[in-house]
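The structure appears right after this line, and notes come after that.
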Amino acid sequence: MLEPQIVVRGLSKTYRVPERNPGVGAALRSLIQRSYRSVEAVRDVSFNVAAGEVVGFIGPNGAGKTTTLKMLSGLLHPTAGEVVVMGEVPWERRPAYLRRISMVLGNKSQMLWDIPPLDSFRLLGEIYSVPPAQFRETLDELVALLELAPLLSKPVRTLSLGERMKCELVAGLLHRPAVLFLDEPTLGLDVSTQGRLRRFLGAYNRRNDVTMILTSHYMADVVALCPRVILIHHGILLYDGELDGLAHTLAPFKLIRVGLSSASQCALDLPGGVELLQRTNGSLALRVARELAPRITAQLLNTLPVVDLSVEDPPIEAVIDQIYQGDGDQEARL
Amino acid sequence: MHYLRLIRSFIDVAFQNALAYRINFWVSLLHSILDLGTGILALMVLFSQVEAIRGWTLPATLALLGTYLLLGALRRLFIGPSLEALAGMDGEIWVGTFDFTLLRPVNVQFLASVRTWQPLAVLDLLLGAVVLLTASLRLGRALALVQVLYFIVTLLAAVAILYALLLAFSALVFWSPGLLFTWLFNALFQMARYPVGLYPGWLRLVLTWVVPVGVMTTVPAQALAGGLSLGMLLGSLGLAGGLFCGASLLFRTGLRRYASASS
């Protein structure tokens, strides 16, 4: 592995949030004496990212993905732990650091509402001190890649969500950052726009060797863009590795689909350790422990009138759903 | 240089924004004229009865009104719109778009203070200047060069005080992001229309030392009218410097509290 560009060690963030019981009485009491609760949003997270890597942060709502991203970009101070990105401590927010990173947020806009995107872009160019020639060149490249030319002179408020998101990407990339943080960049977009943005991000990464850290709830984003994923749940890092390995590590079972000859309406006598997920006329879907799969497959072939059989990894969405719902058990098991 | 170029870019953007809403121009002009009209009318009524109030003659009071209008105009021109974008339920801090301000490789306080301009406030600026000029002409031969210099220096100090007070009030949003603290300032700023000396003792103390809006207009007007002591000149400069540093410190402390709105 190359020298890591991002180093995260023992990163934790605890928020102090006010809380009170429902009702007017409690509201009045809270005026005088507020009680607080500590929320551990991120707990002891460590990982490295190499230059040019695309890493997907996945996890359910409230898992701590965005909080981690905000600490990496320097928006939040951590409660404990250290982060070094390109030799800088992000939350010192030194201009030299901020010039080399960018953040695109799917639910917040950095465009100026009442004027055309081009004017927002020019202002950003000025803020980031982008030399005019480089500004022109970068803008032309991005506009061509995102097919934005017809939108440049329309006020931003008249653009559709998808068009605006393209503008957000241009705004975030104009100063040619070396590290790009993307927080749910495809949020709320239709399927084809999502696809177009993914293709753009993938191409941009290959062309410019930009490191990207992306959070998304759409697995399609992650599958298309991120060879490596980091799974965070309840603020804890549960998995860090190749996307393909996620199912292997976190879902220690296989799916066996069996097609039976039509004559076999008989009662099933399944071997131990097999869970019947679905039975339809002439087909079975079974779940078995990963290590038992070969033996059980052989057994099924011997005992049932099998006409078709396949052994599969469970779909990634199912694995993740199981982890999201598994809560504490999952943590205990790992 | 970079910061000056940035200010120019912000003004460019502001002009485009302002031109997008044409009707605002006329409403703004009407507002300025009304503001000026009521101010002058009140003085006319007052000074038709008496020659001077506690040592304040009509020309000196006009100088004070001019200073008040000028400061109000500067506030509307950029300090107010920039800082007010932080606060309130649709403010950047509440909504979380302040994230982007923090991510810029530019001093955050500078960016938060100069990024939104209201070009129509230039009208107010002109009206304030006209009133000041009228006051100067009425002061006539009594006006020496040194008074004009003192006036410019104290006016700059007043701008610094105005900015510092607004920054301090705005910094409070980091502790309570939903509230608009500037309304409190507005109420106090209204009192700067008249010389501090006209108010009862306790209020005079508040307007001089606690929330020194009084100093902002009274001192420059006195400078122009020729009644300014060296002590007051240095005092207002010291106050401006102290408040500016204090407000900046408060703003920086507030920044550290910013937790960024959740996704």
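The values are calculated or read from the model by the stated rules, or taken from the named source; none is laboratory data. These numbers were taken from a predicted model, which means no experiment stands behind them. Please note: Cβ atoms are built from the backbone with ideal geometry, for glycine as well, and neighbour counts cover all protein chains shown.
A few notes on this one:
- Flag for A:MET71 being within 12 Å of another protein chain (Cβ to nearest Cβ), closer than 14 Å to A:GLY235 by Cα and not aromatic (Phe, Trp, Tyr): yes
- Checking A:PHE57 against (1) away from chain B (no Cβ under 11 Å); (2) farther than 25 Å from A:PRO227 by Cα, the condition it does not meet: (2)
- Residue that is surrounded by the fewest Cβ atoms within 10 Å (Cβ to Cβ) [pool: residues in segment A:92-121 that are more than 30 Å from the chain's Cα centre (by Cα) and facing chain B (nearest Cβ under 7 Å)]: A:ASP114
- Residues located in segment A:184-227, provided they are polar (S, T, N, Q) and surrounded by fewer than 17 Cβ atoms within 10 Å (Cβ to Cβ): A:SER192, A:ASN208
- B:TRP56 being within 21 Å of B:VAL219 (Cα to Cα) and of a type in the set (Phe, Trp, Tyr): yes
- Of residues in segment A:139-183 being within 14 Å of chain B (Cβ to nearest Cβ) and small (Gly, Ala, Ser), the one surrounded by the fewest Cβ atoms within 10 Å (Cβ to Cβ): A:SER153
- Some residue of segment A:196-210 being assigned by TED's automatic domain parsing to the domain that holds A:ASP183, small (Gly, Ala, Ser) and modelled with pLDDT of 90 or more: yes
- Whichever residue in segment B:79-111 is of a type in the set (Gly, Ala, Ser) and under 12 Å from B:TYR163 (Cα atoms) and, among such residues, is farthest from the other protein chains (Cβ to nearest Cβ): B:GLY80
- Selection status of B:ASN24, surrounded by 18 or more Cβ atoms within 10 Å (Cβ to Cβ), within 14 Å of chain A (Cβ to nearest Cβ) and of a type in the set (S, T, N, Q): no
- Check on B:LEU62, closer than 27 Å to B:LEU4 by Cα and away from chain A (no Cβ under 14 Å): no
- Entirely in segment B:1-78, the helices (runs of 4 or more DSSP H) that have 1 or more residues that are modelled with pLDDT under 80: B:2-20, B:22-49
- Scanning segment A:140-158 for residues that are within 17 Å of A:ILE115 (Cβ to Cβ) and over 26 Å from the mean Cα position of the chain (by Cα) yields A:PRO150, A:LEU151, A:LEU152, A:SER153, A:LYS154, A:PRO155, A:VAL156, A:ARG157, A:THR158.
- B:GLY254 meets all of the listed conditions (1) surrounded by fewer than 21 Cβ atoms within 10 Å (Cβ to Cβ); (2) within 15 Å of B:ARG75 (Cβ to Cβ); (3) touching a residue at least 12 places away in the same chain (Cβ under 8 Å) but one, namely (2).
- The lone exception for B:GLY197 - which of (1) out of contact with any strand residue (DSSP E or B) (no Cβ under 8 Å at 6 or more places or on another chain); (2) touching a residue at least 12 places away in the same chain (Cβ under 8 Å); (3) more than 30 Å from A:VAL17 (Cβ to Cβ) it fails: (1)
- Hey, A:GLN134 part of a loop (DSSP other than H, G, I, E, B) and either within 12 Å of chain B (Cβ to nearest Cβ) or polar (S, T, N, Q) (or both) or not: no
- Residue in segment B:133-140 that is part of a helix (DSSP H, G or I), in contact (Cβ under 8 Å) with a residue 40 or more places away in the chain, within 14 Å of chain A (Cβ to nearest Cβ) and farther than 21 Å from B:ILE33 by Cβ present: no
- The residue list B:ARG76, B:ARG8 contains one member that is under 13 Å from B:PRO119 (Cα atoms) and within 14 Å of chain A (Cβ to nearest Cβ), which is B:ARG8.
- From B:THR57, B:THR67, residue being closer than 24 Å to B:TYR194 by Cα, touching a residue at least 12 places away in the same chain (Cβ under 8 Å) and within 19 Å of the chain's Cα centre (by Cα): B:THR67
- B:SER48 surrounded by fewer than 21 Cβ atoms within 10 Å (Cβ to Cβ), in contact with an Asp or Glu (Cβ under 9 Å, 6 or more places away or on another chain), more than 27 Å from B:PHE244 (Cα to Cα) and away from chain A (no Cβ under 14 Å): no
- Residue check, B:PHE15 surrounded by 10 or more Cβ atoms within 10 Å (Cβ to Cβ) and within 14 Å of chain A (Cβ to nearest Cβ): yes
- Test set (1) more than 12 Å from every other protein chain (Cβ to nearest Cβ); (2) under 30 Å from B:VAL13 (Cβ atoms) - A:VAL45 fails condition number: (2)
- Criterion (under 27 Å from B:LEU4 (Cβ atoms) and crowded, with 20+ Cβ neighbours inside 10 Å) met by exactly one of B:PHE98, B:PHE110: B:PHE98
- Taken over segment B:200-221, the criterion of being out of contact with any helix residue (DSSP H, G or I) (no Cβ under 7 Å at 6 or more places or on another chain) and not aromatic (Phe, Trp, Tyr) is satisfied by B:PRO200, B:GLY201, B:LEU203, B:LEU205, B:VAL206, B:VAL210.
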